[in-house]
Each structure stands twice: as C-alpha cells, then as structure tokens.
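The values are calculated or read from the model by the stated rules, or taken from the named source; none is laboratory data. Note that the structure is a prediction, hence the values are computed from the model and not measured. Ideal geometry is used to build each Cβ from the backbone, glycine not excepted, and the neighbour counts take in all protein chains shown.
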C-alpha cells in the first residue's frame, strides 16, 4: 500500500492576490508580477515556505494606507 507518512511533494502551490506592490516589496517578499496589473503571485514549495506564505497573505490583504 501507499505510505501515508510520505512527505508531500505534489508540486508548488501558487498564491495569487490583488495587492499593493510597494507593500509587498517593503515586506521583502519574493513576489512575481501577474497580469492583470495589481495581481501578484508567490509559489509555495514546502513547509519552510508556509510562514512566508502567511506573511505574504497578511501583507497582501492589508487595506492600503491612504495618503493624507
């Protein structure tokens, strides 16, 4: 039978969000620009990327700062 304890290596998970590029860059996140504009992607390969993915989502979903 298949080993259920085998590590998960089915490929990358790709997160695509609509966000502010500058916020992502300020956070130092490894993002790739997507089309249409304002959409950015990040590929997640393994457990080590989970923390980065959560940070990416936290920054990406933060409401934009309004200039006053």
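Filtered by the rule that a residue be out of contact with any strand residue (DSSP E or B) (no Cβ under 9 Å at 6 or more places or on another chain) and within 16 Å of residue 54 (Cα to Cα), segment 21-34 gives 23, 25, 26, 27, 28. If only residues of segment 22-32 that are at pLDDT 80 or above and either part of a loop (DSSP other than H, G, I, E, B) or more than 11 Å from the chain's Cα centre (by Cα) (or both) are counted, the one that is nearest to residue 61 (Cα to Cα) is 23.
Restricting attention to segment 41-55, the residues being within 8 Å of the chain's Cα centre (by Cα) and under 12 Å from residue 14 (Cα atoms) number 5.
Among residues of segment 42-68 that are at positive phi and in a helix (DSSP H, G or I), none has a beta-carbon under 8 Å from a residue that is surrounded by 10 or more Cβ atoms within 10 Å (Cβ to Cβ) and modelled with pLDDT under 85 at least six positions away or on a different chain.
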